[in-house]
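These notes are about the structure you will find just below.
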Amino acid sequence: GLELSHCVGTNSLGPAVPWRSGGPCKMKRVRTVFKPEQLERLEQEFLKQQYMVGTERVDLAATLHLTETQVKVWFQNRRIKWRKQSMEQKAAKLSQFRVIQPATADSTDIKEHEEDTVDVEL
């Protein structure tokens, strides 16, 4: 299961209830700290496939001494990071191909320039 940190604050009215909303006690899940060897293997698997499901996920979790949930969440977070990096790379490529119109160009120069514009698929 998930490990929970100790209750912050005290409650003289009764026992602490984890995850109770509005109460003085808030318990948080302890953040998983992955070992370098675990991260290296997770990254290797991510390069092969961005989605890890079923017995593959169970086997990988057992091999790395992690829970299936930890592996699942790592892959979810890694996909988000991958999408963000992809979007940044596409934005950088688009900015390279943007054509800046000269400030002194008249309408004929702009028309000729528009004919030379090339659409680039990313």
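Quick notes on this one:
- Qualifying residue in segment 11-26 (condition: of a type in the set (S, T, N, Q), closer than 30 Å to W82 by Cβ and modelled with pLDDT of 55 or more): no
- Inclusion of R83 among residues that are open to solvent by less than 60 Å² (accessible area, probe 1.4 Å), of a type in the set (D, E, K, R) and without any contact (Cβ under 8 Å) to a residue 24 or more places away in the chain is not warranted.
- Among the residues of segment 38-50, those that are surrounded by 10 or more Cβ atoms within 10 Å (Cβ to Cβ) and either out of contact with any Lys or Arg (no Cβ under 7 Å at 6 or more places or on another chain) or among the charged types (D, E, K, R) (or both) comprise Q38, L39, E40, R41, L42, E43, E45, Q49.
- The single condition among (1) in contact (Cβ under 8 Å) with a residue 24 or more places away in the chain; (2) surrounded by fewer than 10 Cβ atoms within 10 Å (Cβ to Cβ) that V71 does not satisfy is (2).
- Selection within segment 51-64 - without any contact (Cβ under 8 Å) to a residue 12 or more places away in the chain and open to solvent by 80 Å² or more (accessible area, probe 1.4 Å): V53, T55, E56, D59
The values are calculated or read from the model by the stated rules, or taken from the named source; none is laboratory data. Only a predicted model underlies this, so the values are computations on that prediction, with no experimental measurement involved. We place every Cβ from the backbone using ideal geometry, glycine too, and count neighbours over all the protein chains shown. SASA here: full protein model, heavy atoms, side chains in, ligands and nucleic acids out. Shrake-Rupley method; radii C 1.70, N 1.55, O 1.52, S 1.80 Å.
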